[in-house]
Amino acid sequence: MKILANDGLAANGRDALVTAGHEVLEVTVAQDQLATYIKENNVDVLLVRSATKVRKDLIDACPNLKMIGRGGVGMDNIDVEYAREKGITVFNTPASSSQSVAEMVMAHLWGMVRFLHDSNRQMPLEGETRFKELKKAYGKGIELQGKTLGIIGFGRIGQALAKMALGIGMNVIMHDRNSGNATVTLSFANGATLDMDVENCSMNDLLAKSDFISLHVSGAGETIIGADQLNQMKKGSYIVNTARGGTIDEVALIDALESGHIAGAALDVFVDEPTPAMQVLMNSKISLTPHIGAATVEAQSRIAMEIADTINEAVLA
Ligand code: NAD
């Protein structure tokens, strides 16, 4: 088959596809030229991450497309049902990136409580006076150990995060609308394992009890945290969103940060992607990353292999 990897594909996945006899086109075609490119090059499989949009008009314009693969989890950039109605197989790689996203949440948590995102930007060129000022400004960090992390959405990433947080001595509670209380198994390098229970509490309880909240719900477009929920959070607490832009109301978040009710936030996803609002970008209490939760060498390698396996199995079926 002819496979267009429009948002890139790690080398191991490409090699596995080529070895199986497929042709992999590794170019990035602009969105408005994609339909023409797919038709002129007889592309059978379109692979995307989050950048390329696969909307109805593109699907209609490419009637010979057989498969659409999303490297990653969220498929809000693809009109999935419409493609399936047209007989196109649509798939994603749901499990490959959970560890990387969870590790990045921990990085944001540690960064926020020690002001790393801001101190990196502010380190002075002007010598001792400014240095002392900054030492004072950033000298009131806190530890994560002993604090309560509330996880909203306890699927693959939520559970991976819970294991890490429990491992450093945080209390973990969660809210998931489709689950009861849960048990996670911590695995250590020496082969030892430890089962830990995690309570599924109501949203109100989670908001009231958590020092840190991290969002890991599936689905796009639903605002889970607005002004009411931010008001219900503890004064001086922190929030992280790596799920989808809009899961937090960004305007309400800025208000809560400016009033001091919320101490800090970390965002990997934005309402306006890829050009987040200026108030978000310029706020020194927000730790920012450009939607790179899954962007590690290991996750991209697992994603590429999962894609290659899915295509190869489909061809054999
Ligand atoms: P998952 O499907 O394994 O888990 C999601 C969980 O959220 C489910 O258990 C579901 O029951 C729960 N849920 C859904 N809506 C809810 C609600 N309103 N209230 C409470 N619980 C709710 O998904 P996952 O693989 O853990 O991914 C979680 C999110 O992370 C997705 O939105 C995905 O798009 C996003 N993601 C982001 C990146 C990144 O780079 N930032 C990478 C991968 C995934």
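The values are calculated or read from the model by the stated rules, or taken from the named source; none is laboratory data. Note that the coordinates shown come from a computational prediction; the quantities given were computed from them, not determined experimentally. Note that we place each Cβ from the backbone using ideal geometry, even for glycine, and neighbour counts take in every protein chain shown. Calculation scope for accessible area: heavy atoms of the full protein, side chains included, ligands and nucleic acids excluded. Shrake-Rupley method; radii C 1.70, N 1.55, O 1.52, S 1.80 Å.
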Take the chain, mark every one of the GluC sites (Glu not before Pro) that falls in a DSSP loop and has at most 13 other Cβ within 10 Å, then report the longest stretch left between them, sites excluded. 27-125
How would LEU25, LEU116, LEU161 line up by accessible area, probe 1.4 Å, largest first? LEU116, LEU25, LEU161
Read phi for every residue in region 190-196 and hand back ³J(HN,Hα) as whole Hz from Karplus 6.51 cos²θ - 1.76 cosθ + 1.60, θ = phi - 60°, with x for Gly and Pro. 7, x, 5, 10, 9, 8, 10
Collect residues whose amide H, placed 1.01 Å from N in the peptide plane, falls under 5 Å from the amide H of ILE213; neighbours closer than 5 in sequence don't count. GLY150, TYR238, ILE239, VAL240
Value of relative contact order over region 98-288, rounded to a whole percent, pairs C-alpha under 8 Å and six or more apart: 19 percent
Along the Cα-to-Cβ line of LYS2, 7 Å from the Cα, sits a label point; which residues in region 36-63 have backbone N less than 11 Å from it? 37-45
Percent of accessible area on the chain owned by carbon and sulfur, 1.4 Å probe? 51 percent
Backbone HN-Hα couplings from phi across region 59-69 [Karplus 6.51/-1.76/1.60, Hz, Gly and Pro as x]: 4, 4, 6, 10, x, 8, 5, 9, 9, 10, x
Give the accessible surface of region 1-45 per residue, rounded to a whole number of Å², with probe radius 1.4 Å and ligands, DNA and RNA excluded. 49 Å²
Using a 1.4 Å probe and ignoring any ligands, DNA or RNA, find the accessible area of HIS108 and quote it in Å² to the nearest 10. 10 Å²
Sticking with the crude label model, points 7 Å out along Cα→Cβ, report the distance from ASP15 to ALA208 in nm, one decimal please. 5.6 nm
Excluding ALA227 itself, what net charge comes from residues whose Cβ is under 12 Å from its Cβ, given Lys and Arg +1 and Asp and Glu -1? -4
Principal-axis tilt of helix 250-259 within the chain, Cα atoms, nearest 10 degrees: 10 degrees
Projected onto the charge dipole of region 98-288 (unit charges on the beta-carbon of Lys, Arg, Asp and Glu, signs +1, +1, -1, -1), the Cα from GLY226, MET203, MET104 with the largest positive-side position is that of MET104
Quick one: which residues, 5 or more positions from ASN92 or on another chain, have an amide H under 5 Å from its amide H? H modelled 1.01 Å from N in the peptide plane, none for Pro or chain starts. ARG70
Of all the stretches in the chain, which is the longest one without any exposed loop site, taking trypsin sites (Lys or Arg not before Pro) in a DSSP loop (any state but H, G, I, E, B) with at most 12 other Cβ atoms within 10 Å? 1-139
Nothing charged except the Cβ atoms of Lys and Arg (+1) and of Asp and Glu (-1): what's the magnitude of the dipole of the chain about its Cα centre? Round to the nearest 20 debye. 620 debye
Place a point 7 Å from the Cα of ALA314 in the direction of its beta carbon; the residues of region 84-117 whose amide N falls under 13 Å from it are 84-93
Which of MET282, MET67, MET1 is most accessible, then next, and so on - probe 1.4 Å: MET282, MET1, MET67
With a point put 7 Å past each Cα toward its Cβ, work out how far GLU126 is from LYS56 in nm, to one decimal. 5.8 nm
Euclidean distance between Cα centres, region 154-183 to region 119-152, Å: 27 Å
If DNA, RNA and ligands are ignored and the probe is 1.4 Å, what is the ranking of TYR238, TYR138 by accessible area, most exposed first? TYR138, TYR238
Out of MET123, ALA182, VAL217 - ranked by how far each Cα lies towards the positive end of the dipole of the chain, with unit charges on the beta-carbon of charged residues - the top one is MET123
What figure, in Å² to the nearest 10, do you get for the accessible area of ILE3 with a 1.4 Å probe and non-protein molecules left out? 0 Å²
Over the alpha-carbon set of the chain, work out the extent along each principal axis and list the three values in angstrom, largest first. 61, 49, 39
Which of VAL172, VAL271, VAL48 moves the most in a Gaussian network model of the chain with Cα springs under 10 Å? VAL271
Taking a label point 7 Å from the Cα of MET282 along Cα-to-Cβ, the residues of region 103-131 whose backbone nitrogen sits under 18 Å from it are 118, 121-122
Determine, for region 98-288, the count of lysine pairs separated by eight or more sequence positions (or lying on different chains) whose alpha-carbon distance falls under 26 Å. 26
